[in-house]
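Visitor: My structure is below; once you've seen it, I'll send some questions.
The values are calculated or read from the model by the stated rules, or taken from the named source; none is laboratory data. In this text the structure is predicted, and so the values were computed from the model without any measurement. With ideal geometry, Cβ positions are generated from the backbone for all residues, glycine too; neighbour counts draw on all protein chains shown.
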Amino acid sequence: MLPPHIDGGFAVPSVGNDVVPLGRGRGVEGASPFEKLLHETVASTNQALTEADAKARAFADGQSDDIHGTMIALTEADIQLRMVGTMKNKIVEAFYELWRMQI
């Protein structure tokens with residue numbers, strides 16, 4: 001859990017310039033196929049969440065009356081987010097399985 005901030009919220013650690021980009025400095029072009037797939041999946045999920053949020057805000061503000069499209073966008077974003085969470089859990093599970101292997 002993040003430490004509480006003075007105003008009652010939570011302090012979010014900032015990302016500095018020392019963060020190693022995808023592919024350890026090689027960029028997306030030099031990344032392995034798994035890294036590319038993971039990067040594309042997370043980017044796609046982020047885009048779906050952003051679009052769903054925009055549709056929900058437009059509907060809440062009265063700028064749109066498309067409840068059907070809004071609900072579909074929210075559900076698709078939710079499914080993608082749960083899929084990314086499941087992928088993360090499987091990757092961590094595989095890591096720990098390899099870690100427990102005796103050589």
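Visitor: Given the criterion of a type outside the set (Asp, Glu), part of a helix (DSSP H, G or I) and more than 22 Å from Thr41 (Cβ to Cβ), identify the matching residue among Phe59, Phe95.
Guide: Matching residue, one of Phe59, Phe95: Phe59.
Visitor: If I go through region 71-103 residue by residue, how many of them are among the aliphatic types (A, V, I, L, M) and loosely packed, with under 10 Cβ neighbours inside 10 Å? Break it down into steps so the answer makes sense when it comes.
Guide: First pass over region 71-103, keeping only residues among the aliphatic types (A, V, I, L, M): 71-74, 77, 79, 81, 83-84, 87, 91-92, 94, 98, 101, 103.
Retained after the next criterion (residues that are loosely packed, with under 10 Cβ neighbours inside 10 Å): 98, 101, 103.
So the answer is 3.
Visitor: Could you please find all residues in region 57-70 being surrounded by 12 or more Cβ atoms within 10 Å (Cβ to Cβ) and among the small types (Gly, Ala, Ser)? I'd like the intermediate steps shown before the answer.
Guide: Here is the first cut: in region 57-70, the residues surrounded by 12 or more Cβ atoms within 10 Å (Cβ to Cβ) are 57-59, 64, 66, 69-70.
Selection gives Ala58, Ser64, Gly69.
Visitor: Take the residues in region 1-56 that are of a type in the set (Ser, Thr, Tyr) and either at pLDDT below 50 or under 17 Å from the mean Cα position of the chain (by Cα) (or both), then tell me which one is surrounded by the most Cβ atoms within 10 Å (Cβ to Cβ).
Guide: That would be Thr45.
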